[in-house]
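Undergrad: Here it is, the structure in full.
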Amino acid sequence: MLSMLVILSPFLQFKAKFVERIAPDKWYALKRHADDVTHIFEPFIKEFYRCNVWHVRGRDRDMLVDSGMGVVSLREWVPLVSERDLVAVASHTHFDHIGCHHEFECRAVHSAEADILSTPTRASTLADPYVTDDIFEALPPEPFCSKCYNVKNAPATRLLEDGEVIDLGDRTFEVIHTPGHSPGGIALFEAKTETLFSGDILYDGPLIEDTYHANAADYIASMERLLRIPVRVAHGGHFPSFSGDRYRLLIKRWLNEKQKN
Ligand SMILES: [Zn+2]
Ligand SMILES: [Zn+2]
């Protein structure tokens, strides 16, 4: 009897892990940063797949950079994002970044990925092949199902191009087109605080350069351009935020690796 329990127990542990569902009020966590920036994240998604959602307070309106996977309503469970007028920007249109965009009236994306935001498919957002039960530490509430998961349509109300500005009244963010990871990737730079929201082109973790719409030459050009921006603090699409020194080190290291190959 004892031996049978020993044999069964790893299986039971495995099952127990995947039937656990997290209540919607526990799905999101928030962390305040300097300069009225708040990091919103989904702790029950494994770190590599977990997108950073950034909320920035402005005088006249707020800005949201990305909106998470969309498996729990951001508007309903994170009051910070529904308190005031807000523009929801997409750093790019992979599933982990745009899942709650449909909940916001004002939606902005680079023109090169406007079609994906308006009519996302499992393939175009990379939900297929990435979304399986395995990307979660514990599953989202019912009725979530990995195989049925898809991002909801959220046609942009503003199309962004390189050099345009997102104006929050007392603070402005310049759109920097950074293709490479995906064709419509953007970073947002606030010169006043030397803060950059970099999306997935650069973060402090393993970068993804082989998506179906990635482009190696564009990636290098984007990195070279990013290196010239006087960044003091960078908030990436994944993994923890980092200093300007770390930012320049990561870019130089990445460019050096490319030159070797
Ligand atoms: Zn991405
Ligand atoms: Zn991502």
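Undergrad: Compute the convex hull volume of the Cα atoms of the chain, divide it by the residue count, and report the result per residue in Å³ as a whole number.
TA: Hull volume normalised by residue count: 146 Å³.
Undergrad: As I understand it, the value is the acute angle between the Cα axis of helix 2-19 and the longest principal axis of the Cα atoms of the chain; what does it come to in degrees, rounded to 10?
TA: Compared with the principal axis, the helix lies near 40 degrees.
Undergrad: On to the next question. Modelling each spin label as a point 7 Å along the Cα-to-Cβ direction, I'd like the residue 257/residue 32 distance in nm, to one decimal.
TA: 3.6
Undergrad: Another question, then. To the nearest 0.05, how large is the calculated FRET efficiency for residue 142 and residue 49 if R₀ is 22 Å and r is the Cβ-Cβ distance?
TA: That gives a FRET efficiency of 0.60.
Undergrad: Please find the FRET efficiency linking residue 150 to residue 84, where r is the Cβ-Cβ separation and R0 is fixed at 45 Å, and quote it to the nearest 0.05.
TA: Working from the Cβ atoms, E equals 0.95.
Undergrad: Over the stretch 26-260, what is the percentage of antiparallel beta bridges among all DSSP beta bridges, to the nearest 5?
TA: The answer is about 65 percent antiparallel.
Undergrad: Given a cut-off of under 8 Å on Cα pairs at least six residues apart, what relative contact order in percent is computed for the chain?
TA: The value is 16 percent.
Undergrad: OK, next. For the chain, which cysteines have no second Cys with its Cβ under 4.7 Å from theirs?
TA: Cysteines of the chain left without a disulfide-compatible partner: 51, 100, 106.
Undergrad: Follow-up. Can you count the Lys pairs in the chain whose Cα atoms are under 27 Å apart, with each pair 8 or more apart or on different chains?
TA: Step by step, the pairs that qualify in the chain add up to 17.
Undergrad: With the convex hull built on the Cα atoms of the stretch 135-261, state its orientation-averaged projected area in nm².
TA: That works out to 10.3 nm².
Undergrad: Quick check: the angle from helix 216-227's long axis to the longest principal axis of the chain, C-alpha only, nearest 10 degrees?
TA: Between helix and principal axis, roughly 60 degrees.
Undergrad: Extending each Cα 7 Å along its Cβ direction at residue 157 and residue 227, get the distance between those two points in nm, one decimal.
TA: Placing both labels 7 Å along Cα→Cβ, they lie 4.0 nm apart.
Undergrad: Continuing with the same structure: For residue 246 and residue 25 in one chain, what is 0.36 nm times their gap in residues minus the Cα-Cα distance, to one decimal in nm?
TA: Fully extending the segment from residue 246 to residue 25 adds 76.1 nm.
Undergrad: Distance between Cα centroids, the stretch 23-91 to the stretch 230-258: provide it in whole Å.
TA: Answer, in whole Å: 22.
Undergrad: Roughly how many Å² is the accessible area per residue of the chain, as a whole number, for a 1.4 Å probe?
TA: With all protein chains present, the chain gives 46 Å² per residue.
Undergrad: Mind giving me the FRET efficiency for residue 167 and residue 216? R0 is 35 Å, r the Cβ-Cβ distance, nearest 0.05 is fine.
TA: Efficiency computed from Cβ-Cβ geometry: 0.55.
The values are calculated or read from the model by the stated rules, or taken from the named source; none is laboratory data. Since the model is a prediction, treat every value here as computed from it, not as a measurement. FYI the Cβ positions are ideal-geometry reconstructions off the backbone, even for glycines, and counts take in every protein chain you see. Heads up: the accessible areas ignore ligands, DNA and RNA and are worked out on the full protein's heavy atoms, side chains in. Shrake-Rupley method; radii C 1.70, N 1.55, O 1.52, S 1.80 Å.
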